[in-house]
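Scroll down for the structure; my scribbles are underneath it.
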Amino acid sequence: MKEGLQDLQQIPDVESVLVYDNQGAVLRSRGPILLDPSGLETAGRLILSTLSSLAVSAEPYMDLDIQYANRRVYVKDLEKVVLVLICNESVDMSLVRLSLNVITQSWKENKQVQRFMKKHHRERIPGDQILTADEVEIH
């Protein structure tokens, strides 16, 4: 998994790569992290809350592309864990998606990565614990 995270972080304009469990805890990271630990957990819970609220729709969302200010946050839901890339706005998203597809496919075939995901798998934050805008304060 470490090599895959390194490969993703080396894509031009990808700043950081994080792997969250389904409760919002950071399991792995690569690259500079600009938030303090509580801010990272809040961001993780907000992402998971968004994924939970989207899960009630007819089509499951496996990827989110969130744009704000001069950044893009790309989220890939791998069910047992959630992969988050923090990028500059100029990132080549086709290269990101292509790289993610190759890397996540290799993870599906890698027994060590599968053991890691199984070991850290937790139930997803339920929909009734979804964060509201009033509850979000990221430092």
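Structure values in brief
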quantity: Qualifying residue in the stretch 96-118 (condition: touching a strand residue (DSSP E or B) at 6+ places or on another chain (Cβ under 6 Å), modelled with pLDDT of 85 or more and within 15 Å of K2 (Cα to Cα)); calculated: yes
quantity: The stretch 108-125, residues that are surrounded by 13 or more Cβ atoms within 10 Å (Cβ to Cβ) and not hydrophobic (A, V, I, L, M, F, W, C); calculated: N110, Q114, H120, H121, R124
quantity: Flag if N70 is modelled with pLDDT under 90 and loosely packed, with under 13 Cβ neighbours inside 10 Å; calculated: yes
quantity: Criterion violated by E123 - all others in (1) in contact with a Ser or Thr (Cβ under 8 Å, 6 or more places away or on another chain); (2) closer than 19 Å to D21 by Cα; (3) part of a loop (DSSP other than H, G, I, E, B); (4) modelled with pLDDT of 75 or more satisfied; calculated: (1)
quantity: Count - residues of the stretch 65-90 that are within 26 Å of N22 (Cβ to Cβ), in a loop (DSSP other than H, G, I, E, B) and touching a residue at least 12 places away in the same chain (Cβ under 8 Å); calculated: 3
quantity: Sole exception among (1) modelled with pLDDT under 70; (2) part of a strand (DSSP E or B) for L48, by number; calculated: (2)
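The values are calculated or read from the model by the stated rules, or taken from the named source; none is laboratory data. None of these values were measured; they are calculated from a predicted model. No Cβ is skipped: glycine too gets one built from the backbone with ideal geometry, and neighbour counts run over all protein chains shown.
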